[in-house]
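Just so it is clear, none of the values below were taken in a lab; they were calculated from the coordinates. Worth saying up front: this structure is predicted, and the values here are computed from it rather than measured. So basically every Cβ, Gly included, is an ideal-geometry build from the backbone, and we count neighbours across all protein chains shown.
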Amino acid sequence: MDIFYYWQKFEPDLKNGQVGYFGSNSAKIAELKERLPKRLWVFKTPKGMKGSVQLLGSLLVSDEPKVAVNAEYPNLIYYDPFSPETVLFADSNAPGRIEDVTRLLQHRLLHAFKSNFQGDAGLQALESNVVRELEALCADWGKVQLLERVEDRKKVQLINPFAQPSR
């Protein structure tokens, strides 16, 4: 099982180096975390395309924070921003790619689409069959390591510089 996460503040978070975790006031993130997900698949709605989703990337889940966490949220899930498996997809905003991703997820996550990904609807379990379909869909897409897109890389520091990144 992996997690569908609607990353509403994608651009500002990357610009500010706000990476390595997602927080929520809802307990849903904690419930999904208990199912031991491997990855967070992150999405957003492309500008002017309500009802569509753009696959932004795939982030490797971590049991513990890799960066200092400054969050007021009671429920957190961590991912490893340093891992080579934490990637963003290049050209994921191409119309054909958006259509393919939307078509794949629209019926499987009907409630999330109907709720416009607000609140808990933006956080869903992705069962293994859907994960395999997503993996196949984006297998030949270009990828960049997440930190390559962080504007000020100095803002993202490993908590323990001697720790090895997740593989």
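What angle, in degrees between 0 and 90 and rounded to the nearest 10, separates the Cα long axis of helix 95-106 from the longest principal axis of the Cα atoms of the chain? The angle comes out near 90 degrees. Using 0.36 nm per residue and subtracting the Cα-Cα separation, the extra length available between residue 13 and residue 27 on full extension is 2.8 nm.
With respect to the chain, whose longest principal axis is taken over its alpha-carbon atoms, helix 128-138 is tilted by about 90°. Normalised Debye scattering of the stretch 49-167 at q = 0.22 Å⁻¹ gives log10 I(q)/I(0) of -1.37, counting only Cα atoms as equal scatterers and leaving out solvent. Taken along the Cα-to-beta-carbon direction at a fixed 7 Å, the label points for residue 152 and residue 38 span 3.6 nm. The stretch between residue 110 and residue 145, if pulled fully straight at 0.36 nm per residue, gains 9.6 nm over its current Cα-Cα span. Pairs from the table (50/114; 38/66; 15/114; 50/143; 44/66; 50/155) lying more than 21 angstrom apart at Cα are 15/114; 50/143; 44/66; 50/155. Overall, the chain carries a charge dipole of about 260 debye about its Cα centre when +1 sits on the Cβ of Lys and Arg and -1 on the Cβ of Asp and Glu, all other atoms neutral.
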